[in-house]
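The values are calculated or read from the model by the stated rules, or taken from the named source; none is laboratory data. Quick caveat: nothing in here was measured; it's all calculated off a predicted structure. Please note: Cβ atoms are built from the backbone with ideal geometry, for glycine as well, and neighbour counts cover all protein chains shown. We work out accessible area using only protein heavy atoms, side chains counted, and drop any ligands, DNA or RNA first. Shrake-Rupley method; radii C 1.70, N 1.55, O 1.52, S 1.80 Å.
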Amino acid sequence: MFVRREAIAVRCDHEGCDRMVAHRVVDTVHDPDGTAIERVLALSYTERDALRAAERDGFKIIASHVFCEKHDRV
């Protein structure tokens with residue numbers, strides 16, 4: 001059995017900050033017979049959904065930049 005995890009995230013735009021919020025995480029399990037089963041752990045369909053999810057997790061959106069709670073006072 002092979003498990004692949006795919007993630008797309010919103011990252012803080014502050015230089016040197018690695019803080020991010022995953023807005024789409026998918027685990028794909030491949031059985032030996034070739035069957036693939038996807039399990040969605042977090043989901044945003046559009047960029048706007050992703051930014052709303054980041055705001056819910058404490059990120060601030062300032063103009064076209066996204067900052068975590070530690071760097072939201074630029």
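Couple of notes before you dig in:
- Residue within segment 25-37 that is at negative phi and in contact with a helix residue (DSSP H, G or I) (Cβ under 9 Å, 6 or more places away or on another chain) present: no
- Selection of segment 12-37 for residues being under 30 Å from His71 (Cα atoms) and either among the basic types (Lys, Arg) or open to solvent by 70 Å² or more (accessible area, probe 1.4 Å) (or both) yields Asp13, His14, Glu15, Gly16, Asp18, Arg19, Met20, Arg24.
- Pairing each residue of segment 49-60 that is under 16 Å from Asp72 (Cβ atoms) and at pLDDT 85 or above with any residue that is part of a loop (DSSP other than H, G, I, E, B) and open to solvent by 80 Å² or more (accessible area, probe 1.4 Å), provided the two are 6+ apart or on different chains, yields C-beta distances under 9 Å for Phe59/Arg19; Phe59/Glu69; Lys60/Glu69; Lys60/Arg73.
- Every residue from segment 38-50 that is open to solvent by 50 Å² or more (accessible area, probe 1.4 Å) and either closer than 16 Å to His65 by Cβ or assigned to a loop (DSSP other than H, G, I, E, B) (or both): Leu43, Tyr45, Thr46, Glu47, Arg48
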